[in-house]
Amino acid sequence: DTASSRRAGDVRMFPSHCHLLPLAVESGSLQKTVASLLNFTQTTTTMMSFRRSCLLSLVAFVAVEAFAPNSHHRPTTTCLFEAVENETEAPIATAARTVSVPLSFDQMCRQVASAMKEAAMEQGQKKQIVRLLLPRDATYGDLGKNIEASSTPQDRNSASTEQISLVPPDESWQGGIMQLYRAASPTAQEIMQTVVSDTAGGLPPRIQEDRTVDESGVDGVGLLTTDDNQITCWLQPMQENVNAICQMADNTDDDDDDEPNNNIVALINPQWRLVDDALDTASKSEGFLGGLANFLGGKGGAQKQLKDSGFKPVYTLEGYVCRGNNVRLLQVLDSEWCVFCERDDGESFVPVGSTPTRPTYQEVDQMLGDSDIGYKYERDFGMSPKL
(Lines give C-alpha, C1' and ligand atoms only; values in the text may rest on other atoms or scores of the structure.)
Protein backbone atom coordinates (compact mmCIF):
# COMPACT_ATOMS: atom_id res chain seq x y z
CA ASP A 1 0.00 0.00 0.00
CA THR A 2 2.36 2.63 -1.13
CA ALA A 3 1.26 6.13 -1.89
CA SER A 4 1.72 5.59 -5.58
CA SER A 5 -0.62 2.57 -5.54
CA ARG A 6 -3.37 4.59 -3.89
CA ARG A 7 -3.38 7.37 -6.46
CA ALA A 8 -6.62 7.96 -8.31
CA GLY A 9 -6.93 5.80 -11.37
CA ASP A 10 -3.92 3.58 -10.48
CA VAL A 11 -5.02 -0.03 -10.94
CA ARG A 12 -1.69 -1.84 -11.13
CA MET A 13 -2.55 -3.98 -8.07
CA PHE A 14 -5.59 -5.50 -9.84
CA PRO A 15 -4.69 -5.88 -13.50
CA SER A 16 -7.31 -8.60 -14.13
CA HIS A 17 -10.17 -6.48 -12.77
CA CYS A 18 -9.49 -3.12 -14.38
CA HIS A 19 -13.04 -2.95 -15.67
CA LEU A 20 -14.33 -2.96 -12.08
CA LEU A 21 -12.39 0.11 -11.02
CA PRO A 22 -14.31 3.00 -12.49
CA LEU A 23 -14.12 6.60 -11.49
CA ALA A 24 -15.06 5.65 -7.93
CA VAL A 25 -11.38 5.69 -7.06
CA GLU A 26 -11.08 9.17 -8.42
CA SER A 27 -14.07 10.30 -6.35
CA GLY A 28 -12.44 9.05 -3.15
CA SER A 29 -14.70 6.00 -2.50
CA LEU A 30 -11.81 3.56 -2.36
CA GLN A 31 -13.43 1.58 0.44
CA LYS A 32 -16.53 0.85 -1.63
CA THR A 33 -14.40 -0.21 -4.57
CA VAL A 34 -12.40 -2.69 -2.49
CA ALA A 35 -15.63 -4.16 -1.04
CA SER A 36 -17.06 -4.59 -4.53
CA LEU A 37 -13.85 -6.26 -5.66
CA LEU A 38 -13.93 -8.72 -2.73
CA ASN A 39 -17.55 -9.62 -3.46
CA PHE A 40 -16.68 -10.21 -7.10
CA THR A 41 -13.71 -12.38 -6.12
CA GLN A 42 -15.86 -14.58 -3.87
CA THR A 43 -18.49 -14.93 -6.57
CA THR A 44 -15.86 -15.80 -9.17
CA THR A 45 -14.28 -18.39 -6.87
CA THR A 46 -17.66 -20.04 -6.29
CA MET A 47 -18.38 -20.17 -10.01
CA MET A 48 -14.94 -21.62 -10.76
CA SER A 49 -15.41 -24.34 -8.12
CA PHE A 50 -18.80 -25.19 -9.60
CA ARG A 51 -17.36 -25.35 -13.11
CA ARG A 52 -14.47 -27.50 -11.91
CA SER A 53 -16.87 -29.95 -10.26
CA CYS A 54 -18.96 -30.15 -13.41
CA LEU A 55 -15.84 -30.75 -15.50
CA LEU A 56 -14.62 -33.56 -13.22
CA SER A 57 -18.04 -35.21 -13.30
CA LEU A 58 -18.05 -35.04 -17.09
CA VAL A 59 -14.57 -36.58 -17.31
CA ALA A 60 -15.56 -39.42 -14.95
CA PHE A 61 -18.71 -40.13 -16.97
CA VAL A 62 -16.79 -40.21 -20.24
CA ALA A 63 -14.17 -42.55 -18.73
CA VAL A 64 -16.82 -44.98 -17.50
CA GLU A 65 -18.56 -44.99 -20.86
CA ALA A 66 -15.28 -45.45 -22.71
CA PHE A 67 -13.88 -48.36 -20.67
CA ALA A 68 -17.05 -50.12 -19.47
CA PRO A 69 -17.85 -53.28 -21.44
CA ASN A 70 -21.12 -53.98 -23.14
CA SER A 71 -23.60 -54.94 -20.44
CA HIS A 72 -26.10 -56.72 -22.64
CA HIS A 73 -26.85 -60.20 -21.33
CA ARG A 74 -27.08 -63.36 -23.37
CA PRO A 75 -29.96 -65.72 -22.59
CA THR A 76 -27.66 -68.78 -22.78
CA THR A 77 -25.64 -67.55 -19.83
CA THR A 78 -28.81 -66.86 -17.87
CA CYS A 79 -29.75 -70.51 -18.31
CA LEU A 80 -26.35 -71.52 -16.96
CA PHE A 81 -26.82 -69.38 -13.86
CA GLU A 82 -30.29 -70.80 -13.30
CA ALA A 83 -28.98 -74.35 -13.54
CA VAL A 84 -26.50 -73.90 -10.69
CA GLU A 85 -28.38 -71.36 -8.62
CA ASN A 86 -29.35 -73.84 -5.91
CA GLU A 87 -26.00 -75.65 -5.73
CA THR A 88 -23.31 -74.97 -3.16
CA GLU A 89 -20.63 -76.16 -5.57
CA ALA A 90 -20.77 -75.55 -9.32
CA PRO A 91 -19.09 -78.48 -11.12
CA ILE A 92 -17.69 -78.59 -14.65
CA ALA A 93 -17.92 -81.89 -16.49
CA THR A 94 -14.85 -82.49 -18.65
CA ALA A 95 -14.02 -85.42 -20.88
CA ALA A 96 -12.08 -87.16 -18.10
CA ARG A 97 -13.97 -86.25 -14.91
CA THR A 98 -16.30 -83.77 -13.22
CA VAL A 99 -14.43 -81.02 -11.40
CA SER A 100 -15.79 -78.68 -8.73
CA VAL A 101 -13.97 -75.91 -6.92
CA PRO A 102 -13.63 -76.50 -3.15
CA LEU A 103 -15.51 -74.09 -0.91
CA SER A 104 -13.78 -74.90 2.39
CA PHE A 105 -10.47 -76.03 3.81
CA ASP A 106 -11.75 -79.55 4.50
CA GLN A 107 -13.12 -79.94 0.97
CA MET A 108 -9.81 -78.88 -0.53
CA CYS A 109 -7.82 -81.30 1.65
CA ARG A 110 -10.14 -84.16 0.72
CA GLN A 111 -9.86 -83.33 -2.97
CA VAL A 112 -6.07 -83.23 -2.84
CA ALA A 113 -5.84 -86.47 -0.84
CA SER A 114 -8.20 -88.21 -3.23
CA ALA A 115 -6.20 -87.07 -6.26
CA MET A 116 -2.90 -88.18 -4.69
CA LYS A 117 -4.28 -91.62 -3.79
CA GLU A 118 -5.82 -92.16 -7.22
CA ALA A 119 -2.63 -91.11 -8.97
CA ALA A 120 -0.48 -93.43 -6.84
CA MET A 121 -2.75 -96.47 -6.58
CA GLU A 122 -4.51 -96.53 -9.95
CA GLN A 123 -2.06 -94.78 -12.25
CA GLY A 124 1.23 -95.63 -10.55
CA GLN A 125 2.15 -91.95 -10.46
CA LYS A 126 4.07 -91.62 -7.19
CA LYS A 127 6.06 -88.50 -8.09
CA GLN A 128 3.52 -85.75 -7.77
CA ILE A 129 3.27 -81.96 -7.93
CA VAL A 130 0.48 -80.25 -5.98
CA ARG A 131 -0.46 -76.59 -6.01
CA LEU A 132 -3.24 -75.37 -3.75
CA LEU A 133 -4.64 -72.40 -1.87
CA LEU A 134 -3.83 -71.77 1.77
CA PRO A 135 -6.11 -71.15 4.76
CA ARG A 136 -6.10 -67.71 6.31
CA ASP A 137 -8.18 -65.83 8.82
CA ALA A 138 -10.98 -64.12 6.92
CA THR A 139 -10.37 -60.89 8.87
CA TYR A 140 -6.75 -60.78 7.78
CA GLY A 141 -7.60 -58.10 5.22
CA ASP A 142 -7.06 -55.56 8.00
CA LEU A 143 -3.59 -54.15 7.47
CA GLY A 144 -1.26 -54.66 10.38
CA LYS A 145 -2.90 -57.88 11.53
CA ASN A 146 0.06 -60.21 11.48
CA ILE A 147 -1.34 -63.49 12.82
CA GLU A 148 -3.22 -65.97 10.62
CA ALA A 149 -5.57 -67.22 13.30
CA SER A 150 -7.63 -70.38 12.74
CA SER A 151 -5.38 -71.56 9.92
CA THR A 152 -4.11 -74.70 11.67
CA PRO A 153 -6.09 -77.92 12.10
CA GLN A 154 -6.13 -77.44 15.88
CA ASP A 155 -7.49 -73.90 15.71
CA ARG A 156 -10.03 -74.48 12.98
CA ASN A 157 -11.86 -77.09 15.07
CA SER A 158 -13.10 -74.25 17.28
CA ALA A 159 -13.55 -71.73 14.46
CA SER A 160 -16.56 -71.28 12.25
CA THR A 161 -16.32 -71.72 8.50
CA GLU A 162 -16.74 -68.01 7.97
CA GLN A 163 -13.52 -67.35 9.88
CA ILE A 164 -11.36 -69.30 7.40
CA SER A 165 -10.86 -68.37 3.76
CA LEU A 166 -8.81 -70.06 1.05
CA VAL A 167 -6.34 -67.55 -0.37
CA PRO A 168 -3.82 -67.86 -3.23
CA PRO A 169 -0.18 -67.76 -2.07
CA ASP A 170 0.46 -64.34 -3.54
CA GLU A 171 1.69 -60.91 -2.45
CA SER A 172 -1.37 -60.34 -0.25
CA TRP A 173 0.41 -62.24 2.55
CA GLN A 174 2.13 -59.51 4.51
CA GLY A 175 4.62 -61.85 6.18
CA GLY A 176 6.09 -63.17 2.94
CA ILE A 177 7.30 -66.71 2.31
CA MET A 178 7.65 -67.62 5.99
CA GLN A 179 4.04 -66.71 6.69
CA LEU A 180 3.06 -68.86 3.73
CA TYR A 181 5.05 -71.70 5.28
CA ARG A 182 3.21 -71.37 8.59
CA ALA A 183 -0.06 -71.88 6.73
CA ALA A 184 1.23 -74.48 4.25
CA SER A 185 2.80 -76.80 6.84
CA PRO A 186 -0.41 -77.71 8.74
CA THR A 187 -2.24 -77.94 5.41
CA ALA A 188 0.25 -80.45 4.05
CA GLN A 189 0.16 -82.44 7.27
CA GLU A 190 -3.63 -82.61 7.11
CA ILE A 191 -3.46 -83.92 3.54
CA MET A 192 -0.79 -86.51 4.34
CA GLN A 193 -2.73 -87.83 7.32
CA THR A 194 -5.87 -88.06 5.20
CA VAL A 195 -4.10 -90.04 2.48
CA VAL A 196 -2.64 -92.60 4.88
CA SER A 197 -5.65 -92.84 7.22
CA ASP A 198 -8.18 -93.39 4.43
CA THR A 199 -6.01 -96.17 2.99
CA ALA A 200 -4.71 -98.03 6.03
CA GLY A 201 -7.35 -97.09 8.60
CA GLY A 202 -6.71 -96.61 12.26
CA LEU A 203 -4.83 -93.74 13.83
CA PRO A 204 -3.25 -91.11 11.60
CA PRO A 205 0.52 -91.40 11.24
CA ARG A 206 3.01 -89.17 12.95
CA ILE A 207 4.71 -86.65 10.70
CA GLN A 208 8.27 -85.50 11.07
CA GLU A 209 9.23 -82.01 9.89
CA ASP A 210 12.77 -81.33 8.68
CA ARG A 211 13.77 -77.68 8.28
CA THR A 212 17.45 -78.37 7.65
CA VAL A 213 16.72 -78.49 3.92
CA ASP A 214 16.25 -74.72 4.19
CA GLU A 215 19.89 -73.68 4.40
CA SER A 216 19.17 -69.99 5.00
CA GLY A 217 16.34 -70.69 7.44
CA VAL A 218 14.16 -68.00 5.90
CA ASP A 219 13.37 -69.40 2.43
CA GLY A 220 10.24 -71.22 3.62
CA VAL A 221 11.32 -74.72 2.52
CA GLY A 222 10.49 -77.82 4.53
CA LEU A 223 10.49 -81.61 4.27
CA LEU A 224 7.59 -83.57 5.79
CA THR A 225 7.74 -87.35 6.15
CA THR A 226 5.35 -89.84 7.72
CA ASP A 227 6.81 -92.16 10.34
CA ASP A 228 6.26 -95.17 8.05
CA ASN A 229 7.89 -93.36 5.09
CA GLN A 230 4.82 -93.81 2.94
CA ILE A 231 4.65 -90.14 1.97
CA THR A 232 7.36 -87.52 1.69
CA CYS A 233 6.38 -83.95 0.91
CA TRP A 234 8.71 -81.17 -0.12
CA LEU A 235 7.00 -78.03 1.05
CA GLN A 236 7.52 -74.89 -1.06
CA PRO A 237 10.72 -76.19 -2.70
CA MET A 238 12.98 -73.91 -4.71
CA GLN A 239 14.94 -74.60 -7.87
CA GLU A 240 18.03 -75.12 -5.74
CA ASN A 241 16.33 -78.16 -4.16
CA VAL A 242 15.63 -79.95 -7.44
CA ASN A 243 18.82 -82.04 -7.35
CA ALA A 244 18.01 -83.36 -3.87
CA ILE A 245 14.39 -83.96 -4.88
CA CYS A 246 15.33 -86.01 -7.94
CA GLN A 247 17.91 -87.98 -5.96
CA MET A 248 15.27 -88.86 -3.35
CA ALA A 249 12.83 -89.85 -6.09
CA ASP A 250 15.43 -92.09 -7.75
CA ASN A 251 16.06 -93.81 -4.42
CA THR A 252 12.32 -94.37 -4.11
CA ASP A 253 12.27 -96.14 -7.47
CA ASP A 254 14.92 -98.56 -6.24
CA ASP A 255 12.86 -99.61 -3.20
CA ASP A 256 10.51 -102.57 -3.21
CA ASP A 257 6.95 -101.38 -2.65
CA ASP A 258 4.42 -103.87 -1.29
CA GLU A 259 1.68 -101.29 -0.80
CA PRO A 260 0.34 -99.44 -3.86
CA ASN A 261 0.62 -96.04 -2.19
CA ASN A 262 4.04 -96.46 -0.55
CA ASN A 263 6.81 -93.94 -1.02
CA ILE A 264 4.92 -91.06 -2.57
CA VAL A 265 7.17 -88.07 -3.16
CA ALA A 266 5.14 -84.89 -3.55
CA LEU A 267 6.06 -81.27 -4.16
CA ILE A 268 3.55 -78.90 -2.57
CA ASN A 269 3.41 -75.30 -3.77
CA PRO A 270 6.79 -75.03 -5.50
CA GLN A 271 8.14 -71.51 -5.43
CA TRP A 272 8.62 -71.23 -9.20
CA ARG A 273 5.67 -69.85 -11.11
CA LEU A 274 3.51 -71.72 -13.61
CA VAL A 275 3.72 -68.97 -16.22
CA ASP A 276 6.97 -68.19 -18.03
CA ASP A 277 8.75 -64.90 -18.32
CA ALA A 278 11.44 -64.08 -20.88
CA LEU A 279 14.18 -65.68 -18.78
CA ASP A 280 12.19 -68.89 -18.29
CA THR A 281 11.50 -69.14 -22.00
CA ALA A 282 15.17 -68.67 -22.84
CA SER A 283 16.20 -71.26 -20.23
CA LYS A 284 14.25 -73.94 -22.11
CA SER A 285 16.43 -73.58 -25.18
CA GLU A 286 19.62 -75.54 -25.85
CA GLY A 287 23.14 -74.23 -26.06
CA PHE A 288 24.93 -71.37 -24.42
CA LEU A 289 21.89 -69.10 -24.24
CA GLY A 290 19.82 -71.70 -22.42
CA GLY A 291 22.63 -72.43 -19.98
CA LEU A 292 23.11 -68.75 -19.27
CA ALA A 293 19.39 -68.26 -18.68
CA ASN A 294 19.34 -71.19 -16.25
CA PHE A 295 22.36 -69.78 -14.44
CA LEU A 296 20.56 -66.45 -14.08
CA GLY A 297 17.51 -68.10 -12.50
CA GLY A 298 15.39 -69.46 -15.35
CA LYS A 299 13.34 -72.48 -14.43
CA GLY A 300 13.63 -74.38 -17.71
CA GLY A 301 16.46 -76.63 -16.56
CA ALA A 302 14.79 -77.46 -13.24
CA GLN A 303 11.49 -78.28 -14.94
CA LYS A 304 13.23 -80.55 -17.45
CA GLN A 305 15.05 -82.34 -14.65
CA LEU A 306 11.79 -82.94 -12.77
CA LYS A 307 10.04 -84.11 -15.93
CA ASP A 308 12.83 -86.54 -16.76
CA SER A 309 12.61 -87.86 -13.21
CA GLY A 310 8.89 -88.56 -13.66
CA PHE A 311 7.16 -85.77 -11.72
CA LYS A 312 3.72 -84.77 -12.94
CA PRO A 313 1.03 -82.42 -11.56
CA VAL A 314 -1.89 -84.25 -9.96
CA TYR A 315 -3.78 -81.31 -8.43
CA THR A 316 -3.53 -77.62 -9.28
CA LEU A 317 -5.75 -74.96 -7.74
CA GLU A 318 -4.77 -71.34 -8.24
CA GLY A 319 -6.55 -68.04 -8.17
CA TYR A 320 -6.27 -64.39 -9.09
CA VAL A 321 -8.46 -61.37 -9.83
CA CYS A 322 -9.81 -60.69 -13.31
CA ARG A 323 -12.25 -57.85 -14.03
CA GLY A 324 -12.42 -57.34 -10.29
CA ASN A 325 -13.75 -60.90 -9.80
CA ASN A 326 -12.07 -63.68 -7.82
CA VAL A 327 -11.24 -66.37 -10.38
CA ARG A 328 -10.20 -69.95 -9.65
CA LEU A 329 -8.36 -72.26 -12.04
CA LEU A 330 -8.54 -75.98 -11.24
CA GLN A 331 -7.05 -79.09 -12.83
CA VAL A 332 -7.30 -82.55 -11.25
CA LEU A 333 -5.18 -85.37 -12.70
CA ASP A 334 -6.07 -85.70 -16.39
CA SER A 335 -8.98 -83.26 -16.42
CA GLU A 336 -9.08 -80.08 -18.44
CA TRP A 337 -8.33 -76.70 -16.90
CA CYS A 338 -11.60 -75.48 -15.41
CA VAL A 339 -12.32 -71.82 -14.72
CA PHE A 340 -14.71 -70.61 -12.00
CA CYS A 341 -15.81 -67.13 -10.98
CA GLU A 342 -16.84 -66.27 -7.43
CA ARG A 343 -20.36 -64.97 -6.89
CA ASP A 344 -20.87 -61.59 -5.26
CA ASP A 345 -21.97 -63.20 -2.00
CA GLY A 346 -18.60 -64.95 -1.75
CA GLU A 347 -20.23 -68.29 -0.87
CA SER A 348 -20.20 -70.13 -4.20
CA PHE A 349 -18.73 -70.09 -7.68
CA VAL A 350 -20.11 -69.89 -11.20
CA PRO A 351 -18.57 -72.26 -13.78
CA VAL A 352 -17.12 -70.26 -16.65
CA GLY A 353 -15.63 -72.91 -18.92
CA SER A 354 -12.69 -75.24 -19.52
CA THR A 355 -9.72 -75.53 -21.85
CA PRO A 356 -7.32 -78.41 -22.65
CA THR A 357 -4.30 -76.33 -21.61
CA ARG A 358 -3.82 -73.74 -18.89
CA PRO A 359 -5.63 -70.58 -20.03
CA THR A 360 -3.78 -67.30 -20.06
CA TYR A 361 -5.06 -64.21 -18.28
CA GLN A 362 -6.29 -62.83 -21.60
CA GLU A 363 -8.15 -66.06 -22.35
CA VAL A 364 -9.80 -66.01 -18.92
CA ASP A 365 -10.86 -62.43 -19.53
CA GLN A 366 -12.37 -63.49 -22.86
CA MET A 367 -14.13 -66.43 -21.20
CA LEU A 368 -15.68 -64.09 -18.63
CA GLY A 369 -16.86 -61.83 -21.43
CA ASP A 370 -18.36 -64.77 -23.33
CA SER A 371 -20.19 -65.82 -20.15
CA ASP A 372 -21.46 -62.24 -19.80
CA ILE A 373 -19.62 -61.66 -16.54
CA GLY A 374 -18.59 -58.02 -16.55
CA TYR A 375 -16.54 -55.87 -14.24
CA LYS A 376 -17.34 -56.14 -10.56
CA TYR A 377 -17.62 -52.38 -10.10
CA GLU A 378 -20.55 -52.39 -12.51
CA ARG A 379 -22.46 -54.69 -10.17
CA ASP A 380 -21.32 -52.79 -7.09
CA PHE A 381 -22.73 -49.52 -8.49
CA GLY A 382 -25.94 -51.15 -9.73
CA MET A 383 -25.04 -50.85 -13.41
CA SER A 384 -25.63 -54.60 -13.93
CA PRO A 385 -27.37 -57.41 -11.99
CA LYS A 386 -25.59 -59.17 -9.15
CA LEU A 387 -23.76 -62.38 -9.94
Of everything in the range 280-295, what is over 23 Å from Leu267 (Cα atoms) and surrounded by fewer than 19 Cβ atoms within 10 Å (Cβ to Cβ)? Give them in sequence order. Ala282, Ser285, Glu286, Gly287, Phe288, Leu289, Gly290, Gly291, Leu292
Any residue at all in the range 299-319 that's under 30 Å from Arg343 (Cβ atoms), open to solvent by 30 Å² or more (accessible area, probe 1.4 Å) and under 16 Å from the mean Cα position of the chain (by Cα)? yes
Does the range 316-335 contain any residue that is within 22 Å of Ala244 (Cα to Cα), not aromatic (Phe, Trp, Tyr) and not in a loop (DSSP other than H, G, I, E, B)? no
Is one or more of the residues making up the range 133-144 modelled with pLDDT under 90, surrounded by 12 or more Cβ atoms within 10 Å (Cβ to Cβ), among the aromatic types (Phe, Trp, Tyr) and more than 19 Å from Val221 (Cβ to Cβ)? yes
Considering only residues that are more than 23 Å from the chain's Cα centre (by Cα) and of a type in the set (Val, Ile, Thr), look in the range 183-217 and name the one that is most open to solvent (accessible area, probe 1.4 Å). Thr212
Sole residue being open to solvent by less than 30 Å² (accessible area, probe 1.4 Å), in a loop (DSSP other than H, G, I, E, B) and closer than 23 Å to Tyr315 by Cα, chosen from Pro359, Pro351: Pro359
Qualifying position, being at pLDDT 95 or above, assigned to a helix (DSSP H, G or I) and either farther than 20 Å from Gly222 by Cβ or in contact with a Phe, Trp or Tyr (Cβ under 8 Å, 6 or more places away or on another chain) (or both), among Val112, Val130: Val112
Would you check if there is a residue in the range 223-234 being open to solvent by 70 Å² or more (accessible area, probe 1.4 Å), under 19 Å from Val130 (Cα atoms) and either assigned to a loop (DSSP other than H, G, I, E, B) or in contact with a Phe, Trp or Tyr (Cβ under 9 Å, 6 or more places away or on another chain) (or both)? yes
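The values are calculated or read from the model by the stated rules, or taken from the named source; none is laboratory data. Owing to the predicted nature of the structure, the values given are computational and were not obtained by experimental measurement. Note: ideal-geometry Cβ built from the backbone for every residue, glycine included; neighbour counts use all protein chains shown. Note: accessible area is taken over every heavy atom of the protein model, side chains too, but ligands, DNA and RNA are not part of it. Shrake-Rupley method; radii C 1.70, N 1.55, O 1.52, S 1.80 Å.
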